[in-house]
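The values are calculated or read from the model by the stated rules, or taken from the named source; none is laboratory data. Predicted, not measured: the structure shown is a model, and the values here were computed from it. Neighbour counts are summed over all protein chains in view; Cβ atoms, including those assigned to glycine, are modelled from backbone coordinates with ideal geometry. Ligands, DNA and RNA are excluded from the accessible area calculation, which covers all protein heavy atoms including side chains. Shrake-Rupley method; radii C 1.70, N 1.55, O 1.52, S 1.80 Å.
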Amino acid sequence: MRNDWRTVLAAMEHLYRYASSSRLAPVASGANLRLAAETTEKPCFFEGDLNDPLISAQCLRAVSELVGTRFYVPPSMLARILREADPVVTVAEDVLRFEGFSACCSTYIRHDIDAGGFSAKRVRSGTVNVDFRDEMRAALADVRANERLQMTISSDALAIDHREDHVIERKVPLPVRWVKGFAEVQAHQAGMAHAICLGRIAAQRFLRGLPCAASNRPQWVVAHAASARLSTREVDGAVKIAGTQRLRILERLANHAEQLDVYFNPSRGSSAWVLRFGSQRLTVVLNAEPWRGFSGDGQVLSDLVSPGDTSMSDLRAQLHWQSVLNRDDLARKCDLTVAQVDKGLAQFAASGLLGYDLQRARYFHRVLPFDLKQLEAMNPRLESARKLVHAGAVTCMSDEGADVISNDVVHRVRKVSGELTCTCPWFAKHRVDRGPCKHMLAVEMQADVDYG
């Protein structure tokens, strides 16, 4: 039966936790099967104080504000704009992460608090997605420097204690399109290179000098000495940006930051803007256009094609909530080449298992609070490609490409300068901006079958 969005959402809502595994215990008369029972106990992931409460509170407000903002409204959605302000909170041994997307999914934001930014009484790896409502935002807005800010994170809630305030936010359903967005945005970041570094004063001047009016026309950020400016003309080494209004979220925080680092992915036109506050960071990632949501990019579809093999299973077994995944260490432990590890990590990121930390230039492991098995069902191009392969529609396979028969039309998939192209109308319209078409994916799948 064909999966649709409602089926996927329903699957994501049914998560079960067990206190222990089922086991077969020997007894005098034979064996006793003890089945695991679902536990009602809610594990606590984090309990402790935030060491720089003012910065933490302002960054968390920025996360909440952005995930409730829509930078682009399609005409068909004017009558049904939804406000979804529910960041995903990740706890690892040495870092707290709060991440989410704008309502239009064109902008990603993440607040990282490293170990130096908190004093923990209890830490246990886990994730939860909660809604930051008005009461939580008001409490965060009231935080001042040198005040105590306590936080508790469990599998179904996040709570803060500040002065006399005790605010609790409960777990909410994760927006379905975020599932695809989380996979896509990691691939964008992994392909970025450091482009610009601005000190505090230069960062303030640049952000305050951004146009007040919203504009989606492309511009270029040009570095000059220790400063940066906007240009309407393309310049070598400049960072392309459209929709500068998406950076306004950083302006009020720049006066607290040590520096602003800018990263750019020239092949995808996306950029990342990272404010650093000692042991804390606020990262904003912009897709190439405000109307392009990360959830619809389709850039990771090729990584989802390969089902994986034994070596990839061994690699996956090495994932234990590390805040930094070292490729050389993983290659040595799994007896793989670094290239094989890179391919495996890209596949895991496409499946929603990994995030990417630009400062460390490394992936990190976290298990997001949704059923990752449903990710492929959310990509209709993958489903269509598998149908083509099962129907024997891929013919004339060679090193240069193949022919794919779809609706009685032969589409030619060819490799040009190392990249696949297709003669179908979809590829003619989107090229590689929205990932591979279904015919290209079918050829990749058939290659796995023939040569895998």
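In this entry, GLY243 is excluded by the filter for residues that are surrounded by fewer than 20 Cβ atoms within 10 Å (Cβ to Cβ) and at pLDDT below 95.
Here LEU304 meets the list (1) open to solvent by less than 40 Å² (accessible area, probe 1.4 Å); (2) at pLDDT 80 or above almost entirely, failing just condition (2). When region 388-398 is filtered for residues that are modelled with pLDDT under 90 and surrounded by fewer than 16 Cβ atoms within 10 Å (Cβ to Cβ), the ones remaining, listed by number, are THR395, CYS396, SER398. Considering LEU66, LEU78, the condition of being at pLDDT below 95, buried (at least 22 other Cβ atoms within 10 Å of the Cβ) and in a helix (DSSP H, G or I) is satisfied by LEU66 alone.
Scanning region 414-443 for residues that are surrounded by fewer than 19 Cβ atoms within 10 Å (Cβ to Cβ) and either in a helix (DSSP H, G or I) or on the phi > 0 side of the Ramachandran plot (or both) gives SER417, GLY418, PRO425, TRP426, ALA428, LYS429, HIS430, ARG431.
Of the set (1) of a type outside the set (A, V, I, L, M); (2) open to solvent by 50 Å² or more (accessible area, probe 1.4 Å); (3) over 20 Å from ASN51 (Cβ atoms); (4) at pLDDT 90 or above, all apply to GLN150 but (3).
Somewhere in region 254-261, is a residue assigned to a strand (DSSP E or B), within 16 Å of ASP357 (Cβ to Cβ) and open to solvent by less than 20 Å² (accessible area, probe 1.4 Å)?
yes
Kindly evaluate VAL172 against the criterion of being closer than 30 Å to ARG122 by Cα, touching a residue at least 12 places away in the same chain (Cβ under 8 Å) and open to solvent by less than 50 Å² (accessible area, probe 1.4 Å). Yes; evaluated as a whole, the condition is true for this residue. Within this structure, ASP114 fails the test of being open to solvent by 10 Å² or more (accessible area, probe 1.4 Å) and free of Cβ contacts under 8 Å to residues at least 24 places away in the same chain. Just one of the listed residues (ALA195, ALA202, ALA238, ALA226) is more than 27 Å from the chain's Cα centre (by Cα), in contact (Cβ under 8 Å) with a residue 12 or more places away in the chain and surrounded by 16 or more Cβ atoms within 10 Å (Cβ to Cβ), namely ALA202.
If you go through region 106-125 and keep only what is touching a Ser or Thr at 6+ places or on another chain (Cβ under 6 Å) and either in a strand (DSSP E or B) or farther than 21 Å from LEU253 by Cα (or both), you end up with ARG110, ASP114.
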